[in-house]
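Note sheet for the following structure.
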Amino acid sequence: MERVRDLASKKAAVIFTKSSCCMCHSIKTLFYELGASPAVHELDKDPQGREMERALFKTFGSNQAVPAVFIGGRYVGSSKDVISFHVDGSLKQMLKDSKAIWL
């Protein structure tokens, strides 16, 4: 989990994904459309990806480890959570507050 926390703290918005995951793609696209440029870490292409995926699953207890979204170094959730934040308008504010977008 240390590597996950380290990577999550290096940029205002960070998404852990898998290259074949359609929900991961949707979340990345949403962030780009909101004007954010998140750091994207594809776990299936990282030599330590399997270990990071297990750590995400174990730590956050979701049904799936990806997408795992961090804003301002804080875990905000998976696709369901991010979509919920977007619908209620708080996602954009979180991105602004963390300086992931400048509007």
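The values are calculated or read from the model by the stated rules, or taken from the named source; none is laboratory data. The model shown is predicted, which means the values in this text are computed figures rather than measured ones. Positions of Cβ are generated from backbone atoms using ideal geometry, with glycine treated the same way; all protein chains shown enter the neighbour counts. Calculation scope for accessible area: heavy atoms of the full protein, side chains included, ligands and nucleic acids excluded. Shrake-Rupley method; radii C 1.70, N 1.55, O 1.52, S 1.80 Å.
Miscellaneous remarks
- Positions within region 65-75 being buried (at least 17 other Cβ atoms within 10 Å of the Cβ) and either under 20 Å from Ser37 (Cβ atoms) or out of contact with any strand residue (DSSP E or B) (no Cβ under 9 Å at 6 or more places or on another chain) (or both), in sequence order: Val66, Pro67, Ala68, Val69, Phe70, Ile71, Gly72, Tyr75
- Test: residue in region 12-26 that is of a type in the set (Phe, Trp, Tyr) and touching a His at 6+ places or on another chain (Cβ under 8 Å): yes
- The numbered conditions (1) of a type outside the set (Gly, Ala, Ser); (2) surrounded by fewer than 17 Cβ atoms within 10 Å (Cβ to Cβ); (3) free of Cβ contacts under 8 Å to residues at least 40 places away in the same chain are all true for Gln48 except (3).
- Some residue of region 93-101 being open to solvent by 30 Å² or more (accessible area, probe 1.4 Å) and hydrophobic (A, V, I, L, M, F, W, C): yes
- In region 45-84, residue nearest to the chain's Cα centre (by Cα) [restricted to those that are of a type in the set (A, V, I, L, M) and in a helix (DSSP H, G or I)]: Val82
- Selection within region 1-44 - open to solvent by less than 70 Å² (accessible area, probe 1.4 Å), assigned to a helix (DSSP H, G or I) and under 13 Å from Leu95 (Cα atoms): Leu30, Phe31
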